[in-house]
1. Using a Cα-Cα cut-off of under 29 Å, which lysines could be cross-linked to Lys308, ignoring same-chain neighbours fewer than 8 residues away?
2. Taking only pairs that are 8 or more places apart or on different chains, how many Lys pairs in region 26-162 have Cα atoms under 15 angstrom apart?
3. Pairs of alpha-carbon atoms within less than 8 angstrom and 6+ residues apart define the contacts here; what relative contact order does region 9-108 have, in percent?
4. In debye to the nearest 20, how big a dipole does region 139-178 give about its Cα centre with +1 on each Lys and Arg Cβ and -1 on each Asp and Glu Cβ?
Amino acid sequence: MDSEQIDYQSLNYLSTVDHNLCCPICRSPLVDPVYTTCLHTFCSTCINKALERSQTCPVDRTPLQAEDVSPAPIMIANLVNELAVLCPNSELGCTFTCARYLVEAHLSHDCEFVYMKCRECGDKVLRRDAGRECLHQLEECTHCFQHIKKIDMEAHEKECPGLLGECMHCRLEIERSELKEHEFTCEEATISCSSSSLGCPWSGQRKELSHHQAACPFTFLRPVLQAHAERLTKLELENRTLRKRIEQLTPRINQSNTTEPLSFDEQAYQFLTEQEHMRQDMERLSATLGELEIKQGMLLMNESLRTKEELAGIRAAINGIRMQIHWLLTVRVHGTEHRHVVGGGAGTPSNSAGPSHPAEHSASRRLSDNFGQGVKL
């Protein structure tokens, strides 16, 4: 591999390089260092390009010609060439490090991540794979049954649609080919309210959307707001059209003579008048929209208060019914105990049954009266 094929200025160095060994133009360690009569050191390529644009030193702006540039002392070249660098193919996986002057030999003979021509088909292949069978032959993927080149099979497996992928929201494993479609129906996915374009700030999981829309004030106002938005869009379009017409007519009016008829002036005045009417309509619509928002807020507040009052009444009625049922059970228990006591003292069923009927009748009457009062609540 020729040295021209190596970009020495893009090499990665293992340690921080002293700024005295860096070129003032490219800010990288010197490559083929040269120095000038004004005692500044540059890369030979950098200073040659700079002199093509300006015949002055890039550092102190003193006059400088190509004849004033000469190779730097060998000591400087040795210092920069001894700097430790990573292999230029480190991003492909090569972990080799060496002095900078050995990079060319490493790439020419040893680096396993240099592209070479395949012996069978002539396409490019890494040196480490050059001794194997041709990697450019098609091979069927066992998951999606597509025909992929062997050299691309490893990369294909990372995005093969036949393999299972995990949904980032619900962690469900499904085929990659169906993953994007699943995201549009995933119940755990985070979405915005359908009225977000109207100003609703809510965002949450898709399974909570229906519950939010039942209470979202923007959902109730959506038809009105959409009608106003369409009206505003139409007015803005008409306004732009009228503005363009006015801009087209203005130069003609300025260039026309005073002897020409006043039809252009009248038409321009009519356009300006219509534009002013449009502006007033837009302001009136904006004010109406603000009033509607305030009214909707008041209606929601009143409805909430009325609902709370009704709930309080229902709770009170339920508590009254609960107390009446408890009282009824207590009376029934006491009546049963009383019958047992009377039956045991008289010794005859006829005597115990007689006094119990008036007590049960009065207890049932009080229960019906209390139940009627509880229902009125």
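1. Partners within reach: Lys207, Lys295, Lys376.
2. Here the count comes out as 4.
3. Normalised by residue count, the contact order of region 9-108 is 27 percent.
4. 60
Quick note: the coordinates plus some simple rules give every number you see, no bench work behind them. The shown structure was predicted, so the numbers you read here are calculated from the model rather than taken from an experiment. Cβ sites come from the backbone with ideal geometry, for glycine too, and all protein chains shown count toward neighbours.
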